[in-house]
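Report on the following structure.
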Amino acid sequence: MSTIWTRLPGILTGTNERLKLEATSDASDSEFTPLQSSAEPISQLRPLCLVAQPSGVCLKPKPVTPETVMQWRYEQSFYKYVHVRLLIASKLSIGIRRNTEHGLPESNILNPTTRFCDELNVRNKLSADSKWKHCISPEGKSYFMNTEKNTFTYTNIFTHTNMYVPENRQKIERVLRDYFVDGTGPTERPHGVELVLEIPQSELEDGKPDFICGYYYADWEKRVVLWHDGMDIAKITKGQRPLASMSHLGYAVEAQFWYHVEMFPNHRFPSAKLIREVKGHLNYAYSDLVTSETSTAPYDLETIKEFVEIVHKIPANDESSTDIGNEGYEEGAGRDMIAIARVMHTITDGMFLNYHGQYCARLNRDQSVQPGSTKEKRLSAFFCLVSPILFYMPDSYMKKLDMVWVDDTLNHYRWKEFITRMRAEWERYNTPATVMLTTNVAFLAIQSIDTDHANNARNVAQIASYASTLLSLACYAIYHVLILRFPHAHNRSLVKVSTYLKRRELGWLGLESLALVFSLPTSLFMWSMIAFLVAMSYAVFVGTDVYTKTMVGILLGVLLAVTFSVIGITWQGGGRIPARENQWVESFSSLKTQLVKRPPTEKNSGAPMTCRRRSSPVSGPILPL
């Protein structure tokens, strides 16, 4: 059996080592083996070729990932793709730019005998014996499948390009014939894999003299995507991780494969083996969540229960030729396969992010396994200086952020839990801040408080009440800003959140700035209460008799003693602050000369991977995520 291979620029040690991916018919699974480095650059592996087309010039098809194809299909907007403008009017002549080539009627009167699917096919002149079959994925996206087995060594061919448009069909078929079958394409062709050809929407616009077509192969038996040209590893891994081994890269390739299954699901039935595998992953994730406080499972308990019920209802195809499922097209069959594909993509992508199967596998969600991580960096002196002023609240939030954002990885379930708790804490101080604002206004309205209004001077009680009022206003304003900027997790894209955290991490204070901001509503409210206590104390102890001073003084002393006792007990029990005491002392010493600036987090370091665990357990009065 012939082999299909791709050369990938290695990033294990920061060199341009070439990798080789072999897929043979007698192999039990896909295997990555290093390829000896060559002097020729990847761009010279195959010369750039131009294939003449009636409607333009086709550049050499370039290798792309399934994720790239998935992004391209979202660019196929209605106006640019169909070239039709629909207007709604009543009793008016509708000026519609009609395009009968897409099956639209020539008049505003719809024929009652019209059969929409047949009308669409006939008007687009797509013959009944055409090689291309129109399919609709469960998401509603149309794609086309070529099932003619003698076209390309028993290979199914897929594309999202609208094959109802003759120009588009000519482009795809000529690229297929001139490059992949008869022309300058690979002389060694794969067997039993699927080919995807995709022309981006921008390349289909009118007036372009040439166009680019992307391609990749998908091997259902080995669950990998393949190319016969050079492919950058960073496009496969999205630059998220330094690679630990070839088997580690294999999980990223498999995650890309499940993207392919999600886009083209209608021609396969899930096998009993695949369903058992998915159930096994879900059952383990459920048990891990129940028995571990730091589980790396990608879902929460309720979501896993729902997935188990869904997978249990999926009928299995026992007579499958592969561990995925037999070929066979049936209307609506893709609904089951796309559900399986999305779960498997999340699972395999999590395996890649957590270094599954490597010596340095992440066993706890708050465990860092990359060099130069945020957990190994010292807190800045500015943070150590401000944290006591804000009642050590930033330190608590920094701990939580360190558990949620680990090695540039954001778990959706953990982020959802984190944001839910943050919003609940902020909301708890919103109403008290409003009450404190009203209380200060009423306090300032007492005539006995304003004892020196003739000279426009203000006493300590009034000044403290002014400060309490401003602090309450700031707490109220910051609360609304945070609620607006950090909505519920299900209302915000995980990709956008990850991008935002990466951008903040590269700033001057890194994630410390977020910890400081998150602590402001609570800290400002507490300072507002302290300022109001000062105002009340001045009003009580200045200008009153001894009996009043004695009674209020005793009560105030007892309450202060109880408050500090509670703080001391919870402080000792938590061990949160003493664990960083030595670090703070060092930071304060360095503050004498300069303000310590945290360096940017190292990205994708090629250094050997070493496993590091936390030096102290996470515990304390504030429950960890």
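The values are calculated or read from the model by the stated rules, or taken from the named source; none is laboratory data. Worth saying up front: this structure is predicted, and the values here are computed from it rather than measured. When we count neighbours, we look across all protein chains shown, and the Cβ atoms used for this are built from the backbone with ideal geometry, even at glycine.
What the table below lists for this structure:
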quantity	calculated
Lone qualifier among 570, 522, 544, 563 - being of a type in the set (Ser, Thr, Tyr) and assigned to a loop (DSSP other than H, G, I, E, B)	544
Residues that are of a type in the set (Phe, Trp, Tyr) and modelled with pLDDT under 65, drawn from the stretch 120-158	152, 154
Residue 474 at pLDDT 85 or above and farther than 19 Å from residue 414 by Cα	yes
Any hit, the stretch 497-516, residues being crowded, with 17+ Cβ neighbours inside 10 Å and of a type in the set (Phe, Trp, Tyr)	no
Any hit, the stretch 434-442, residues being under 20 Å from residue 535 (Cβ atoms) and under 36 Å from the mean Cα position of the chain (by Cα)	no
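Here's the yes/no breakdown for (1) farther than 15 Å from residue 432 by Cα; (2) among the β-branched types (Val, Ile, Thr):
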{"position": "477", "(1), (2)": "no, no"}
{"position": "494", "(1), (2)": "yes, no"}
{"position": "509", "(1), (2)": "yes, no"}
{"position": "524", "(1), (2)": "no, no"}
{"position": "532", "(1), (2)": "no, no"}
{"position": "537", "(1), (2)": "yes, no"}
{"position": "544", "(1), (2)": "yes, yes"}
